[in-house]
Amino acid sequence: MLLDETIRVALQAIRANKLRSLLTALGIIIGVGAVITMIALGTGARKAVEARIQALGPTLLTIFAGQGFRGGIAFNNRISLTMDDDTALANRARYVSAVIPELATNLQVQKGSQNVNVNVVGTTPDYPRVRGYTVTAGRMFTPGEDEARRRYAVLGSSVPDMFNTNPAAMIGQQIQIKGIPFEIVGILSEKGSQGFNNPDEQILIPLQTARYRVMGTDRLRSITAQVNDINNMNLAMIEIERVLRRQHKIRAGGENDFQIRNQTDVLATFQQTTQTFGFLLAGIAAVSLLVGGIGIMNIMLVSVTERTREIGVRKALGATRGNILLQFLVEALVLCLVGGTVGVLLGSMGAVVLSKFAHWNTAISPFSIVLAFAFSAVVGLFFGIYPARRAASLDPIVALRYE
């Protein structure tokens, strides 16, 4: 038999049993659709994590006050970071391009008859640039206004919503922080929630104003250091540790009374969890493909049994072992590839639906489509070989006698 005739006979056999062929391909359709959707979810989650890391600032290090130690024993009072620590880092840390002190606490903020409790941060004018914000309305206060202890406030993007006011309309209006009137001069861009912390629900005021007029202390909540190059992150952490240990007079071998946190480390656990979840879902989808492949092999074995007499006739008319083998392999392969095509379409639609209605992050990659097609072809070949070989090995005389 010629190659084109062999393929034509295989396709006719599939068309002759449309319902059975559809049910046979259903396992592959479900498996491939699941693979596409799960990979889309995993890719979308990874991109969301990468975007969040970029939003946080990949070259930022945050220094927090830690537990104090004396004679190797921790004592109750936490060691605070001060403006002296900020100055020491700015002057001595060579791999740091900017240092941003943050003097922060939650305070009651009043506007007219409305009252909210938000995070008030005393900081320097470089805060938006280092933290990756833009000022969407108004402006940021200046270094001169910081030194003059002016009562200016820059609001996070969610604060106007708390007061049920249009952000741009709040420029020039007054709010009261701890009973002290402040003029609103700017609105920050939206950053998005980051776990338990929402940086959009904060109000920035000049550092010196916070230090002398509002909070009355120079004990900082944290210090943010911007590293001059992402390749120098480890060197910068070592250098910051050296400067602060000297500043805090910690002896050799003593425990640090501060913590240095890398922004990428903050989300490392979340990223690992996302990857593990993605692998789990992909494994479930792979099991679906395996079950679909077993279903195809089962149906192909039934088909061989049903068509034993037909195989005998074809062999008697001159069909070779290779012709019979190819015929049944083509049947299995076509079922898998058609199932793979439908599965890719359904999986892509599922990813779009999850993104649009469930608001999950999804991203369909060409790699996942190629992988799904390749996997479905491999399944067809793998599970079609045994039934095809069984059909090809039938003795024509025995096959012709089969009832």
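So which of Leu337, Leu354 is over 25 Å from Ala48 (Cα atoms) and in contact with a Phe, Trp or Tyr (Cβ under 8 Å, 6 or more places away or on another chain)? Show your work before the answer.
Details: Leu354 fails: over 25 Å from Ala48 (Cα atoms).
That would be Leu337, the only listed residue that is over 25 Å from Ala48 (Cα atoms) and in contact with a Phe, Trp or Tyr (Cβ under 8 Å, 6 or more places away or on another chain).
Could you go through the stretch 177-193 and let me know if any residue there is in the same structural domain as Asp218 (by TED's automatic domain parsing), among the aliphatic types (A, V, I, L, M), under 26 Å from Ser97 (Cα atoms) and part of a loop (DSSP other than H, G, I, E, B).
Scanning the stretch 177-193 turns up no residue that is in the same structural domain as Asp218 (by TED's automatic domain parsing), among the aliphatic types (A, V, I, L, M), under 26 Å from Ser97 (Cα atoms) and part of a loop (DSSP other than H, G, I, E, B).
Checking the stated criteria, Val338 turns out to be within 19 Å of Leu19 (Cα to Cα) and surrounded by fewer than 21 Cβ atoms within 10 Å (Cβ to Cβ). When every residue of the stretch 328-337 is checked against the conditions, at least one turns out to be out of contact with any Leu (no Cβ under 9 Å at 6 or more places or on another chain) and modelled with pLDDT under 80.
Would you confirm, using the coordinates I've provided, whether Gly343 is under 22 Å from Thr43 (Cβ atoms) and more than 22 Å from the chain's Cα centre (by Cα)?
Numbers: under 22 Å from Thr43 (Cβ atoms): yes; more than 22 Å from the chain's Cα centre (by Cα): yes.
It is true that Gly343 is under 22 Å from Thr43 (Cβ atoms) and more than 22 Å from the chain's Cα centre (by Cα).
List every residue pair whose Cβ atoms sit under 8 Å apart, with the two residues 6 or more apart in sequence or on different chains, where the first one lies in the stretch 100-121 and is at pLDDT 90 or above and the second, anywhere, is acidic (Asp, Glu). That search, which allows pairs on different chains as well, returns Ile100/Asp126; Pro101/Asp86; Leu103/Asp218; Val118/Glu201; Asn119/Glu201; Val121/Glu102. Take Ser355 and tell me if it is in the same structural domain as Ala48 (by TED's automatic domain parsing), touching a residue at least 60 places away in the same chain (Cβ under 8 Å) and closer than 29 Å to Ile39 by Cβ. Yes. For the stretch 131-166, name all the residues that are more than 33 Å from the chain's Cα centre (by Cα) and assigned to a helix (DSSP H, G or I). Those that are more than 33 Å from the chain's Cα centre (by Cα) and assigned to a helix (DSSP H, G or I): Pro143, Gly144, Glu145, Asp146, Glu147. Identify, please: which residue in the stretch 204-243 is touching a Leu at 6+ places or on another chain (Cβ under 9 Å) and hydroxyl-bearing (Ser, Thr, Tyr) and is, among those, nearest to Asp257 (Cα to Cα)? My answer is Ser222.
Among the residues of the stretch 106-119, those that are touching a helix residue (DSSP H, G or I) at 6+ places or on another chain (Cβ under 9 Å) and either surrounded by fewer than 19 Cβ atoms within 10 Å (Cβ to Cβ) or closer than 23 Å to Ala65 by Cα (or both) comprise Leu107, Gln114, Val116, Val118. Selection of the stretch 120-142 for residues being surrounded by 18 or more Cβ atoms within 10 Å (Cβ to Cβ) and more than 13 Å from Ser189 (Cβ to Cβ) yields Val120, Val121, Gly122, Thr123, Thr124, Pro125, Val130, Phe141.
Name the residue that is modelled with the highest pLDDT, counting only residues in the stretch 202-223 that are closer than 17 Å to Phe64 by Cα and touching a helix residue (DSSP H, G or I) at 6+ places or on another chain (Cβ under 6 Å). Please lay out each step first, then the result.
Our first condition is that a residue be closer than 17 Å to Phe64 by Cα; within the stretch 202-223, this holds for 217-223.
Adding the requirement that they be touching a helix residue (DSSP H, G or I) at 6+ places or on another chain (Cβ under 6 Å) leaves 218, 223.
Numbers: Asp218: 84, Ile223: 92.
Per the stated criteria, the residue is Ile223.
Restricting the search to the stretch 249-281, which residues are small (Gly, Ala, Ser) and modelled with pLDDT under 70? Result: Ala268, Gly278.
In the set (1) modelled with pLDDT of 85 or more; (2) buried (at least 20 other Cβ atoms within 10 Å of the Cβ); (3) not polar (S, T, N, Q), Pro199 fails one condition alone, (1).
How about the stretch 374-403: which of its residues are part of a helix (DSSP H, G or I) and modelled with pLDDT under 75?
Kept after step one, since they are part of a helix (DSSP H, G or I), are these residues of the stretch 374-403: 374-392, 396-401.
Correct list: Pro396, Ile397, Val398, Ala399, Leu400, Arg401.
Hey, does the stretch 187-195 have a residue that's closer than 17 Å to Leu107 by Cα, charged (D, E, K, R) and in contact (Cβ under 8 Å) with a residue 12 or more places away in the chain? Explain how you work it out, then say what you get.
Step one: list which residues in the stretch 187-195 are closer than 17 Å to Leu107 by Cα, which gives none.
Checking the stretch 187-195: not a single residue is closer than 17 Å to Leu107 by Cα, charged (D, E, K, R) and in contact (Cβ under 8 Å) with a residue 12 or more places away in the chain.
Could you pull out every one of the strands (runs of 3 or more DSSP E) wholly within the stretch 12-79 that has 1 or more residues that are at pLDDT below 80 and not β-branched (Val, Ile, Thr)? Show your work before the answer.
Numbers: elements: 60-65, 67-70, 73-78.
Where strands (runs of 3 or more DSSP E) fall fully within the stretch 12-79 and carry at least 1 residues being at pLDDT below 80 and not β-branched (Val, Ile, Thr), they are 67-70, 73-78.
The values are calculated or read from the model by the stated rules, or taken from the named source; none is laboratory data. As the structure is a prediction and not an experimental result, all values here were calculated from the model. Here the Cβ is made from the backbone with ideal geometry for all residues, glycine too, and neighbour counts use every protein chain on show.
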